[in-house]
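One structure, pasted below without further comment.
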Amino acid sequence: MTLVENKPASGRRRPPRTPKGRQVEPKALEEVRALLGERERRRDLLIEHLHLIQDKYGHLAAAHLAALAQEMKLALTEVYEVATFYAHFDVVKEGEQPPPPVTIRVCDSLSCAMAGAEHLLRELPNRFGSDVRVIRAPCMGACDRAPVCAIGHSQVMHANVESVTAAVSHRAHAQAYATPMPFDGYVGTGGYGLLRACQSGARTRDEIIKIVSDAGLRGLGGAGFPTGRKWSIVRSEPAPRLVAVNADEGEPGTFKDRHYLERDPHRFIEGMLIAAWVIEARDIYLYVRDEYSEVRLMLEGEIARVVEAGLSSGTRVHLRRGAGAYICGEESAMIESIEGKRGLPRHRPPYVAQVGLFGRPTLEQNVETLYWVRDIVEKGAAWFTSHGRHERKGLRSFSVSGRVNKPGVVLAPAGVTARELVEEYCGGMIEGHRFKGYLPGGASGGILPASMADLPLDFGTLEPHGCFVGSHAVVILSDKDDMKAVALNLMRFFEDESCGQCTPCRVGTEKAVKLMANGPWDEPLLNELSAAMRDASICGLGQAAPNPLASVLRYFREDLAKPLGSW
């Protein structure tokens, strides 16, 4: 059989009728251009532009992605890899059906699982037709109001089948924790006075750094790095320098940043602008998790008020929106996301303080850390260090949830114990529940038994016991909770949230879930797997994922012989 090429008489190959690759549909291109309007087509705005399409159409159609790629002068693969990385983007390939118009996300992380999330996941699909889908979702930052569901971007707290059904019918708005203090009210109580003093020269940069250092203020997002030292390090790097603020708290059990932003946003904004002034940064990038839609919209308006009042002194604040990725709480992954990429952690060195956002020296800070700057400087370092228990100094904000009567954000002295949190601040255990154990630092901080509830909760106090305080997310467990089920719930979270970049984390969490869910635990194999994840994972997610598992093997051996429990 002879193959005859499709050539003209001259012997030359005919040119293709269309360019290679997916062709851009004129209608889709027109729709994308209408959405983008006058917005810049910069590469770092890719995620923001994907949000525009997702919000408008409820999904990301192949035709729209091809049109966006052409409009932004990007390869289609660059757009697809970002769109498919984030959980809140629904990518619909050619020939596939788009998702139903309404999506109910049910949080199945630990606090919500303990409060009845599995019941909601079983019952809600029976209440709706094909125009509503019910899916699992990770922590939504409202653990003290568990269980929580999200209908689009609106959250239903203390959810039950009836309240979610009503919310779907009436398209209820997200429930805020409190009404934020307005700009005028904050200014009326002396707000922005410190910022004005800095900008006028009445305060010096070295003076501010010294006060913050003397107070012992640390990064309160989990790592606990001394704030004054970080400011000095970044300030010593060549200009231009940038600030990146992490408001993407996704650690199960953590909601303190949301608490402060919803109540007193300008105290945080002032601290943020002071930090930028100290390191002489002209641009701030504020990264807010997508689950906090009401907070993000509120911040947009309040920051505009600050700029209108002339308080920003030319510093530009760029508000960026996450898209559902716990890994973006890691500082370098967050920076990748701000740049419009997948949230993959970077190898270090170089460190973010040296080569960070857009390749520039970057000061990365947590919301609560910046929230304390004004009070510490105005009241003095001695005021802050006068608080503390058990030989620790300072104030700490604990997100407390689980089996207590009064869950919520607790402002307590550094070094307070879990038992003191339960008894003094949270109204004791729920009736019928006996204190059995606790997570001292969210999903990655390990699990400790109630017999160790008198350990001071602070940086460096729990590491000898295989745990750490991290973001100060304390989840209280009772005798009604099976510790194997607790550890499995946490490992499933890490499996779902692994970015997939490194094999030890991507495969390790998946294999751990299978081993923990099926039959008696194979301790030698689980320990070997945990060691590989700790030693070889690129970032803290894979390195810390085995902590709850190791804690159960170490402290709750009585639960190992029991059948796997559930809620």
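For region 270-292, name all the residues that are part of a helix (DSSP H, G or I) and buried (at least 23 other Cβ atoms within 10 Å of the Cβ).
To start, the set of residues in region 270-292 that are part of a helix (DSSP H, G or I) comprises 270-279.
Residues satisfying the conditions are GLU270, GLY271, MET272, LEU273, ILE274, ALA275, ALA276, VAL278, ILE279.
In the set VAL212, VAL295, VAL245, which member is surrounded by 21 or more Cβ atoms within 10 Å (Cβ to Cβ) and over 30 Å from ARG145 (Cα atoms)?
VAL212 is the lone residue from the list that is surrounded by 21 or more Cβ atoms within 10 Å (Cβ to Cβ) and over 30 Å from ARG145 (Cα atoms).
Something else: Give region 58-93 a look and list any residue that's free of Cβ contacts under 8 Å to residues at least 60 places away in the same chain and not in a helix (DSSP H, G or I), or say none. Don't jump to the end; show me each part of the working.
From region 58-93, those free of Cβ contacts under 8 Å to residues at least 60 places away in the same chain are 58-80, 83-84, 90-93; that's our starting set.
Matches in region 58-93: GLY58, HIS59, LEU60, ALA61, LYS73, LEU74, ALA75, THR84, ASP90, VAL91, VAL92, LYS93.
Follow-up question, since we're still on this one. Tell me whether region 489-504 contains one or more residues that are over 21 Å from the mean Cα position of the chain (by Cα) and free of Cβ contacts under 8 Å to residues at least 40 places away in the same chain. Let's see the steps before the verdict.
Taking region 489-504 as the starting set, the residues that turn out to be over 21 Å from the mean Cα position of the chain (by Cα) are 503-504.
With the extra rule that they be free of Cβ contacts under 8 Å to residues at least 40 places away in the same chain, the set shrinks to 503-504.
Among the residues of region 489-504, at least one is over 21 Å from the mean Cα position of the chain (by Cα) and free of Cβ contacts under 8 Å to residues at least 40 places away in the same chain, which makes the answer yes.
Being in a strand (DSSP E or B) and open to solvent by less than 20 Å² (accessible area, probe 1.4 Å), is that true of even one residue in region 450-469? Even if it seems obvious, please write down each step before you answer.
Within region 450-469, the first condition is being in a strand (DSSP E or B), and the residues that meet it are 456.
Of the ones still in play, those that are also open to solvent by less than 20 Å² (accessible area, probe 1.4 Å) are none.
Taking every residue of region 450-469 in turn, none turns out to be in a strand (DSSP E or B) and open to solvent by less than 20 Å² (accessible area, probe 1.4 Å).
Could you figure out which of (1) open to solvent by 20 Å² or more (accessible area, probe 1.4 Å); (2) on the phi > 0 side of the Ramachandran plot isn't true of LYS230?
LYS230 satisfies all of (1) open to solvent by 20 Å² or more (accessible area, probe 1.4 Å); (2) on the phi > 0 side of the Ramachandran plot except (2).
Can you confirm whether PRO100 is part of a loop (DSSP other than H, G, I, E, B) and modelled with pLDDT of 95 or more?
Details: part of a loop (DSSP other than H, G, I, E, B): yes; modelled with pLDDT of 95 or more: yes.
So PRO100 passes the test.
What do you reckon, is GLU510 over 14 Å from ALA443 (Cβ atoms), open to solvent by 10 Å² or more (accessible area, probe 1.4 Å) and of a type in the set (Asp, Glu)? Don't jump to the end; show me each part of the working.
Values: over 14 Å from ALA443 (Cβ atoms): yes; open to solvent by 10 Å² or more (accessible area, probe 1.4 Å): yes; of a type in the set (Asp, Glu): yes.
Yes; evaluated as a whole, the condition is true for this residue.
Out of (1) within 30 Å of GLY116 (Cβ to Cβ); (2) touching a Ser or Thr at 6+ places or on another chain (Cβ under 8 Å); (3) open to solvent by less than 30 Å² (accessible area, probe 1.4 Å), the odd one out for GLY219 is which?
(1)
Identify, from the list ARG396, ARG392, the residue that is in contact with a Pro (Cβ under 8 Å, 6 or more places away or on another chain), within 30 Å of ARG374 (Cβ to Cβ) and open to solvent by 20 Å² or more (accessible area, probe 1.4 Å).
Working: ARG396 fails: open to solvent by 20 Å² or more (accessible area, probe 1.4 Å).
None of the others qualify; the one that does is ARG392.
Here's another thing I want to ask about it. Name the residue that is nearest to GLN97 (Cα to Cα), counting only residues in region 124-148 that are of a type in the set (Lys, Arg) and in a helix (DSSP H, G or I).
Step one: of region 124-148, the residues of a type in the set (Lys, Arg) are 127, 133, 136, 145.
Pick out the ones that are also in a helix (DSSP H, G or I) and you get 127, 145.
On the way: ARG127: 22, ARG145: 35 Å.
Ranking the candidates gives ARG127 first.
ALA304 is checked against (1) out of contact with any Cys (no Cβ under 6 Å at 6 or more places or on another chain); (2) assigned to a helix (DSSP H, G or I); (3) under 22 Å from LEU45 (Cβ atoms); (4) touching a residue at least 12 places away in the same chain (Cβ under 8 Å) and fails just one. What number does that condition carry?
Unmet for ALA304, out of (1) out of contact with any Cys (no Cβ under 6 Å at 6 or more places or on another chain); (2) assigned to a helix (DSSP H, G or I); (3) under 22 Å from LEU45 (Cβ atoms); (4) touching a residue at least 12 places away in the same chain (Cβ under 8 Å): (4).
Read through the list (1) among the β-branched types (Val, Ile, Thr); (2) over 18 Å from TYR86 (Cβ atoms); (3) in contact with a helix residue (DSSP H, G or I) (Cβ under 8 Å, 6 or more places away or on another chain), then give the number of the only condition that ILE335 fails.
Going through the list (1) among the β-branched types (Val, Ile, Thr); (2) over 18 Å from TYR86 (Cβ atoms); (3) in contact with a helix residue (DSSP H, G or I) (Cβ under 8 Å, 6 or more places away or on another chain), ILE335 breaks only (2).
Condition check ((1) farther than 30 Å from ALA443 by Cβ; (2) free of Cβ contacts under 8 Å to residues at least 24 places away in the same chain; (3) open to solvent by 20 Å² or more (accessible area, probe 1.4 Å)) across all residues:
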{"residue": "SER236", "(1), (2), (3)": "yes, yes, yes"}
{"residue": "PRO240", "(1), (2), (3)": "yes, no, yes"}
{"residue": "PRO252", "(1), (2), (3)": "no, no, no"}
{"residue": "PHE268", "(1), (2), (3)": "no, no, no"}
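Looking only at region 304-316, count how many residues are open to solvent by less than 40 Å² (accessible area, probe 1.4 Å) and under 16 Å from GLU48 (Cβ atoms).
Qualifying residue count, region 304-316: 0.
Restricting the search to region 516-560, which residues are open to solvent by 40 Å² or more (accessible area, probe 1.4 Å), in contact (Cβ under 8 Å) with a residue 12 or more places away in the chain and not in a helix (DSSP H, G or I)?
PRO520, ILE538
Another one. Consider ARG39 against the criteria (1) touching a helix residue (DSSP H, G or I) at 6+ places or on another chain (Cβ under 8 Å); (2) assigned to a helix (DSSP H, G or I): it satisfies all of them except one. Which criterion is unmet?
(2)
Kindly provide the set of residues from region 69-97 that are open to solvent by less than 70 Å² (accessible area, probe 1.4 Å) and more than 30 Å from CYS107 (Cβ to Cβ), ordered by number. Before you say what the answer is, go through the steps one by one.
Here is the first cut: in region 69-97, the residues open to solvent by less than 70 Å² (accessible area, probe 1.4 Å) are 69, 71-72, 74-76, 78-80, 82-83, 85-92.
Selection gives ALA69, GLU71, MET72, LEU74, ALA75, LEU76, GLU78.
Let me ask something additional. Tell me which of these MET334 doesn't satisfy, since it passes every other one: (1) open to solvent by 40 Å² or more (accessible area, probe 1.4 Å); (2) of a type outside the set (Ser, Thr, Tyr); (3) within 13 Å of the chain's Cα centre (by Cα).
(1)
Would you point out the residue of region 470-491, among those that are assigned to a loop (DSSP other than H, G, I, E, B) and open to solvent by less than 30 Å² (accessible area, probe 1.4 Å), that is farthest from GLY408 (Cα to Cα)?
First pass over region 470-491, keeping only residues assigned to a loop (DSSP other than H, G, I, E, B): 470-472, 479-482.
When the remaining residues are screened for being open to solvent by less than 30 Å² (accessible area, probe 1.4 Å), the result is 470-472, 481-482.
Numbers: GLY470: 17, SER471: 14, HIS472: 12, ASP481: 20, ASP482: 23 Å.
Taking the candidates together, the pick is ASP482.
Now, a different point. Which count do you get for residues in region 421-449 that are surrounded by 20 or more Cβ atoms within 10 Å (Cβ to Cβ) and under 25 Å from GLU368 (Cα atoms)?
13
The values are calculated or read from the model by the stated rules, or taken from the named source; none is laboratory data. Not measured: the values here are computed from a predicted model. Counting neighbours? That spans all protein chains shown, and the Cβs are built from the backbone with ideal geometry, glycine included. Surface accessibility is based on the protein's heavy atoms, side chains included, excluding ligands, DNA and RNA. Shrake-Rupley method; radii C 1.70, N 1.55, O 1.52, S 1.80 Å.
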